[in-house]
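Everything on this sheet refers to the single structure shown next.
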Amino acid sequence: MFKKALENIVEKTDGSLGALIMGADGLSVEKFFTDAGHEANLDVTAAEFTSLVRNASRSSNDLDLGNLRELVVTLGNVTLVMRLFNKDYFAVLALKPEGNVGRGRYELRKAELMLAKEFAV
């Protein structure tokens with residue numbers, strides 16, 4: 001079920017390199033990559049950015065701004081869109097610089113709604 005959801009996100013978003021469902025511990029639950037995504041070493045990238053998600057989440061709670069829902073990081077060669085399902089799990093979509101970020105955000109939100117019961121606390 002998770003792999004199919006990730007595959008749909010990647011196929012429907014122009015410029016996608018891959019998508020992952022990550023645990024807050026930095027380990028991937030499931031992943032789906034294009035050939036370019038495999039070459040980009042997205043497993044390692046997503047694991048490294050898990051600490052950024054944890055820190056941003058902690059900061060938003062400390063400042064009483066509510067729970068972190070989404071984080072977008074734009075780098076020279078890749079844009080990462082991270083959508084939190086809950087405090088323990090989130091999805092990561094990696095896009096080429098010219099990728100369609102708006103469509104990617106939309107597809108991640110759809111996947112979040114579809115998979116909500118799987119990640120209910």
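In nm, to one decimal, how far is the Arg105 label point from the Glu11 one, both placed 7 Å along Cα→Cβ?
2.5
If you take every residue apart from Arg69 with its C-beta less than 12 Å away from the C-beta of Arg69, what net charge results, scoring Lys and Arg +1 and Asp and Glu -1?
Numbers: positive: Arg83, Lys87, Arg105, Arg109; negative: Glu70, Glu112.
Here the count lands on +2.
If I model a spin label at Ala36 and Lys4 as a point 7 Å from the Cα along the Cα→Cβ vector, what separation in nanometres do I get?
2.7
Can you give me the accessible area per residue for segment 35-98, using a 1.4 Å probe, in Å²? Working shown, then result.
On the way: 3740 Å² over 64 residues.
Value for segment 35-98: 58 Å² per residue.
Compute the angle between helix 42-62 and the longest alpha-carbon principal axis of the chain, please, reported from 0 to 90 degrees and rounded to the nearest 10.
30
Counting only protein chains, not ligands or nucleic acids, how are Lys4, Lys117 ordered by accessible area (probe 1.4 Å), most first?
Working: Lys4 110, Lys117 145 Å².
My answer, sorted largest first, is Lys117, Lys4.
I'd like the Karplus ³J(HN,Hα) series for segment 96-111: coefficients 6.51, -1.76, 1.60, θ = phi - 60°, whole numbers in Hz, and an x wherever there's a Gly or Pro.
My calculation for segment 96-111 gives 5, x, 8, x, 8, 5, x, 5, x, 4, 4, 5, 5, 5, 4, 5 Hz in order.
Per the helix-only calculation at 222 nm, which mean residue ellipticity applies to the chain, given -39500 (n - 2.57) for every DSSP H run of n ≥ 4 and division by its residues, nearest 500 deg cm²/dmol?
Details: 4 runs with 52 residues, N = 121.
One gets -13500 deg cm²/dmol as the mean residue ellipticity at 222 nm.
So what's the chain giving for Rg/Rh, alpha carbon basis, Kirkwood Rh from the mean inverse pair distance?
Numbers: Rg = 13.3 Å, Rh = 14.1 Å.
Taking Rg over the Kirkwood Rh, I get 0.94.
Among Phe49, Phe32, Phe90, whose mean-square fluctuation peaks in a Gaussian network model of the chain (Cα, cutoff 10 Å)?
Phe49
Sum up the charges of everything whose Cβ sits under 12 Å from the Cβ of Lys110, counting Lys and Arg as +1 and Asp and Glu as -1, but leave Lys110 out.
Numbers: positive: Lys12, Arg83, Arg103, Arg105, Arg109; negative: Glu107, Glu112.
Taking every other residue near Lys110 into account, the sum is +3.
For the chain, compute the number of Lys pairs whose alpha carbons are separated by less than 22 Å, excluding pairs fewer than 8 positions apart on the same chain.
21
Quick one: helix 2-12 against the long Cα principal axis of the chain, what's the angle to the nearest 10°, folded into 0 to 90?
Tilt relative to the chain: about 60 degrees.
In Å³ and rounded to a whole number, note down the convex hull volume per residue for the Cα atoms of segment 4-66.
Given the Cα convex hull of segment 4-66, per-residue volume reads 100 Å³.
The values are calculated or read from the model by the stated rules, or taken from the named source; none is laboratory data. Just so we're clear, the structure is a prediction, and the values are computed from it rather than from any experiment. Backbone-built Cβ (ideal geometry, glycine too); neighbour counts: all protein chains shown. Only protein heavy atoms, including side chains, enter the accessible area calculation; ligands, DNA and RNA are left aside. Shrake-Rupley method; radii C 1.70, N 1.55, O 1.52, S 1.80 Å.
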